[in-house]
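Written out below as structure tokens is the structure these notes cover.
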Amino acid sequence: MNSEVFRKTRETEVHVTLNVYGAGEVDVEVEPAFLKHMVETLARHAGFDLTLRARGDLRHHVVEDVAICLGEALSRALGERLGIARFGHAIVPMDEALAYASVDLARRPWVRVELNLSSGMVEDMASSEITHFLETLIKSMEATVHLWVERGVDDHHKVEAAFKALAVALRQAVSKRPGLVPSVKGVV
Ligand SMILES: [Mn+2]
């Protein structure tokens with residue numbers, strides 16, 4: 001349930017190590033700073049031990065490739081996806097903001113993210129980059145995820161609640177059910 005992903009292209013270099021059943025120990029170095037904050041939040045609340053190093057030519061490339069590598073690390077760590085709960089969901093508040101997440105870890109990549117942000121930037125990230133990060137991450141981990149912010153005022157709170165909801169739903173979905181094949185097909 002550990003994995004490592006190293007990806008080097010002409011645009012970026014990303015290195016990820018992941019232990020899905022960890023203690024939320026995180027060591028993340030990446031810019032934008034808000035992405036670092038959100039990746040740390042995701043790993044901590046999912047109970048992942050995560051190290052991540054990423055650098056590159058343009059911010060958009062870094063955001064995208066961190067999402068790809070993180071999703072791939074999770075997918076590799078889960079192997080055949082047997083003996084896990086498979087489904088997870090969470091409703092997480094952050095002050096006035098409230099976010100919902102529903103996760104199915106079967107290999108049926110499908111994603112809907114509605115953050116309902118009111119401005120074009122959250123801290124040092126474009127709102128579109130945040131949505132792109134989440135969509136790319138979910139596609140890369142080969143999961144079905146519905147993630148939405150039901151209400152809120154502060155965009156930072158809305159995004160953070162969404163990442164926490166995704167994290168808690170993932171923590172449930174990866175939780176161990178030894179012997180369970182979580183599909184009547186016999187494979188996941
Ligand atoms: Mn915060």
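Figure legend: label point modelled 7 angstrom from the Cα of M1 along Cα→Cβ; residues of segment 57-74 with amide N under 16 Å from it are 74. Amide H to amide H, with H built 1.01 Å from N, V122 comes under 5 Å of S127, counting only residues 5 or more places away or on other chains. Taking 0.36 nm per residue of sequence separation and removing the Cα-Cα distance, the R10/I91 pair yields an extension gain of 25.2 nm.
Other residues with beta-carbon under 9 Å from the beta-carbon of M94 carry, at +1 per Lys or Arg and -1 per Asp or Glu, a net charge of -2.
Springs join every pair of Cα atoms under 10 Å in this Gaussian network model of the chain, and among A169, A161, A106 the largest mean-square fluctuation is at A106. With r defined as the distance between the Cβ atoms of A126 and S183 and R0 fixed at 41 Å, what FRET efficiency is calculated, to the nearest 0.05? Efficiency for this residue pair is about 0.60.
Considering helices alone, the calculated mean residue ellipticity of the chain at 222 nm is -12000 deg cm²/dmol, with DSSP H runs of length four and up weighted by -39500 (n - 2.57) and normalised per residue. Highest average first, the peptides 64-73, 178-187, 51-60 ordered by how many other beta carbon atoms sit within 10 Å of their residues are 64-73, 51-60, 178-187.
Taking a Cβ cut-off of under 13 Å around E11, the surrounding Lys, Arg, Asp and Glu residues balance to a net charge of +1, with basic ones at +1 and acidic ones at -1. Evaluated at q = 0.09, 0.18 Å⁻¹, the base-10 log of the normalised Debye intensity for the chain, with identical point scatterers placed on the Cα atoms, takes the values -0.29, -1.19. Amide H contacts of W110: A143, T144, V145, each under 5 Å away and 5 or more positions distant or on a separate chain (H built 1.01 Å from N in the peptide plane; Pro and chain starts excluded).
If R0 is taken as 22 Å, the Cβ-Cβ distance between E150 and H60 corresponds to a FRET efficiency of 0.15.
Positive end of the dipole of segment 2-173 (Cβ unit charges, origin at the Cα centre): among V28, M141, I84, the Cα lying farthest that way belongs to I84.
Distance from the C-alpha centroid of segment 132-188 to that of segment 64-114: 3 Å, rounded to the whole angstrom.
Within the shell defined by Cβ-Cβ distances under 10 Å, the residues around D154 carry a net charge of -3, with Lys and Arg each +1 and Asp and Glu each -1.
Distances between placed amide hydrogens fall under 5 Å for E25 paired with D49, L50, all partners being 5 or more residues away or on another chain.
Here, each number is a calculation from the coordinates, and none is a lab measurement. Just so it is clear, the model here is predicted, and its values are computed rather than measured. Methodologically, a virtual Cβ is constructed for each residue, glycine included, from the backbone with ideal geometry; neighbour enumeration extends over all protein chains shown.
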